[in-house]
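Following: one structure in structure tokens, then a few remarks.
Please treat every number below as a calculation from the coordinates, not as lab data. The model shown is predicted, which means the values in this text are computed figures rather than measured ones. Don't worry about glycine lacking a Cβ; one is built from the backbone with ideal geometry, like all the others, and counts go over all protein chains shown.
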Amino acid sequence: FQTYTNIRSRFETLNQLTPYEHLDTLNFTQISTNASLSGMWTSPGDGTRRQHINFHFTCQDAADRQGQVAEHSGTRFYNLNAGYAMTLVPQNMSIALAFNTTINDGSYIRSRALGPNATISRSFNNRKLRTTFSTSWNRTYGNGTLTNTVINARINGALSVHNKHNINLSAVMVSRSPARESPAQAFTEFTATLGYSYSFAKRR
């Protein structure tokens, strides 16, 4: 589909008394074209194991036009994500692997980010304890030059006691390593969150 946005109506231009009356330098048109394609395949399975393969592709082309003159501010954006997931029903466990690529092609810069990620989830004690661990490794490029390498890891845990008490724990670690030529500094960040909630609802 295509979308057109006229910030100022042409009717106001045609009905002005002089060429300089109500002059608006923001009288421009934004034109964007978007397309996406998705697909998923699910294995038949035997009730104890389920497998999924999916992919998603999105692209967008956007440009500006000042009056009747095309501007050099157009950008093209592409995103591709492909993944595989497997669920082991008896073990209450699921495993997911994915790869993501993002490309942003502008007038003066071309940036790219890509990398894999993995997630493992499992429930214990009749699903009263749910745990999830995920990690990803991504690299970013600017105009074909490596700029950053980012690694992050996350662990989540949720415990339910008597369907009223809920304890949640989340820990995230992010580590960024810039390229040797980059003036940016490397850093590692760690964040932990502990929460508790109580439900006053009565079960019948």
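What Kirkwood hydrodynamic radius do you get for the stretch 40-140 when you take the inverse of the mean 1/r over all pairs of distinct Cα atoms, in Å? Working shown, then result.
On the way: mean 1/r = 0.0601 Å⁻¹.
Over the stretch 40-140, the inverse of the mean reciprocal pair distance is 16.6 Å.
From most to least packed by mean Cβ count within 10 Å, the peptides 181-193, 125-137 give 125-137, 181-193. Once both labels are positioned 7 Å from their Cα atoms along Cα-to-Cβ, the gap between I151 and T193 label points is 2.4 nm.
Applying the criteria of a DSSP loop state and at most 14 other Cβ atoms within 10 Å to the trypsin sites (Lys or Arg not before Pro) of the stretch 138-203 yields K164, R180, K202, R203. Centre-to-centre separation between the Cα atoms of the stretch 99-113 and those of the stretch 153-185: 26 Å. The residues packed around Q60, meaning those with a beta-carbon under 12 Å from its beta-carbon, carry a net charge of -1 if Lys and Arg are +1 and Asp and Glu are -1. Close amide H contacts of V89 (hydrogens built in the peptide plane, cut-off under 5 Å, sequence separation of 5 or more or a different chain): R49, R50.
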